[in-house]
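> This is the structure, below, for whatever I ask next.
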Amino acid sequence: MPKKFMNLDKINKIHFIGIGGIGLSALAKMMVLLGKKVSGSDLLSSAITERLRAQGAKISIGHQASNLPKNVDLAVYSAAVPLNNIEILETKKLKVPLLSYAELLGQISVGKKTVAVTGTNGKTTTTGILGKVLIDCGLDPMLLIGGQLKQIDGNFHLGQGKYFVTEADEYKATMLKIKPWSVLLTSIEKDHLDFYKDLPDIIRHFQLFIDKIPAGGQLFYNADDRNVTKIVLPPLAFGCSLKNPSDYMAKNIIISKGQYHFNVYNKKKFLGDFTLPIPGQYNILNSLMVIGFCHQLGIDLGKVNQSLANFGGLWRRFEVLGQLKNAADVTVVSDYTHHPSAIKKTLKAAKEFFPVRRLFLVYQPHQHDRTRKLYRSFLSCFNKADFIILQEIYDVAGRKYQSDKAITSKSLVNDIVKTGNKKRSAIVYSPDFPATKKLIYQNVLPGDLLLIMGAGDLDDLARTIYVRTAKKN
């Protein structure tokens, strides 16, 4: 939380620097809905900035000092914006109050029953599932999510209930800015090693966040994650598992007609049969934490199951877009996954839900720094894909870290072949979008599942090469 609590009721005019980001745009939308005068800037125009413009925000493309409105009460900046940004420097020159995205989120969390979803992987989907379930069950939470949820047609819902559901991002330990009432902890793995020293340092920071849970607050955690189980638990902690005896367990998992069906138990007590229409057993575990949370609140689990069964998914989370243009029955899927362990799980999920299709993967590694530090893990994480295009690495502008430009997607391709994990004929390198598009059409076969994956801008390509006529199975 910021050093001093800020009464947002007294703030009228707010400027967002990096307003096109998925998190910051949600806060901007919130402020628009609260009747604030909102302005913002970003390097590029996007569907997000255009939607905010249509909602009444004043948007500038490109950063310059003159973008800062006169008599602005508060400026807020994205984690992707460097501190030497000209608009940030201008706020300091004019002595305008300045908060990071996480600091403003922390301000909002004060005085609310904030349910924070945190972890290395799975935050956005779990937040989306929890938010949708609580909305469908009539609790009308305020919901802020790092993705686009079909249920709310965007990334923010200004609910009138007592709960505030939000992601708590571990990047630069920004989750520590939030004051949680309860927490859902999905996973802990090596990541963001441009900030954290090592895995024990990551675990230590998550422990600091869990220690913020107040008396009466609850933790729901992934009991199948060996790093999560190293956390010292608060008094009200509930493990969720697909494998081992725990507080909440999912058993008898089957796939039928593109859906998971499973039984849920609270220890030995049978709670009911549940359905989930999105792939990945990790999503069963994510939904199990939501079921446990709702069970502890006394929410009707029949209504919870109905909400889960109708979960429509999220933007860039195994999002089935449609059929590849000018190709026979090739389904195009866009996915945000970028960590090696999550890639393994997503490819396994794709094989489970689409067992008769050849899995054609297009992957864009995210940041040289992550690729270098997790390099050995990347060598074996693509094994379940039948054909792979690795596009050149995407680096996030403004992030400062040791970058090894000798590490490239081409070197990754070569080393994957050397390990014997893939034959040369099953994996190719692409330098850019045009080459990737060409390689897709040269190598795709009728009936393929074309999975376009990465946290960079590869999704832009995905949305230019499909039509909305795909079969989902």
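Bear in mind these aren't lab numbers, they're just calculated from the coordinates by the rules spelled out. Since the model is a prediction, treat every value here as computed from it, not as a measurement. Here the Cβ positions follow ideal geometry from the backbone for every residue, glycine too, while neighbour counts run over all protein chains shown.
> Defining a contact as two alpha carbons under 8 Å apart and six or more residues distant in sequence, what relative contact order in percent does the chain show? Please list the in-between numbers first.
Working: 998 pairs, mean separation 54.0, N = 473.
Result for the chain is 11 percent.
> Which value, in debye to the nearest 20, gives the size of the charge dipole of the chain about its Cα centre, when Lys and Arg are +1 and Asp and Glu are -1 at the Cβ?
Magnitude of the dipole: close to 180 debye.
> Among DSSP beta bridges lying fully in the chain, give the percent that are antiparallel, nearest 5. Could you put the intermediate results ahead of the total?
On the way: 25 of 82 bridges.
Looking only at bridges with both residues in the chain, the antiparallel portion is about 30 percent.
> Go through 446-456, 322-332 and give me the packing order, highest mean Cβ count within 10 Å leading. Write down the numbers at each step before the final one.
Working: 446-456: 21.4, 322-332: 18.4.
Sorting 446-456, 322-332 by mean packing, highest first, produces 446-456, 322-332.
> Let me ask another. Suppose every K and R has +1 on its Cβ and every D and E has -1 on its Cβ; what is the size of the dipole of region 70-111 about the Cα centre, in Debye to the nearest 20? Before the final figure, lay out each step's value.
On the way: 4 positive and 4 negative charges, 33 e Å.
It comes to approximately 160 debye.
> Can you give the relative contact order of region 319-467 as a percent, counting alpha carbon pairs under 8 Å and 6+ residues apart?
Numbers: 271 pairs, mean separation 57.7, N = 149.
Normalised by residue count, the contact order of region 319-467 is 39 percent.
> Okay, moving on. With N denoting the number of residues in the chain, provide Rg(C-alpha) divided by 2.2 N^0.38 Å, to two decimal places. Write down the numbers at each step before the final one.
Details: Rg = 22.1 Å, N = 473, 2.2 N^0.38 = 22.8 Å.
Ratio of Rg to 2.2 N^0.38 Å for the chain: 0.97.
> Work out the length of the dipole vector of region 1-64 about its Cα centre, built from +1 on the beta-carbon of each Lys and Arg and -1 on the beta-carbon of each Asp and Glu, and round it to the nearest 20 debye.
Working: 10 positive and 3 negative charges, 57 e Å.
Rounded to the nearest 20 debye, it is 280 debye.
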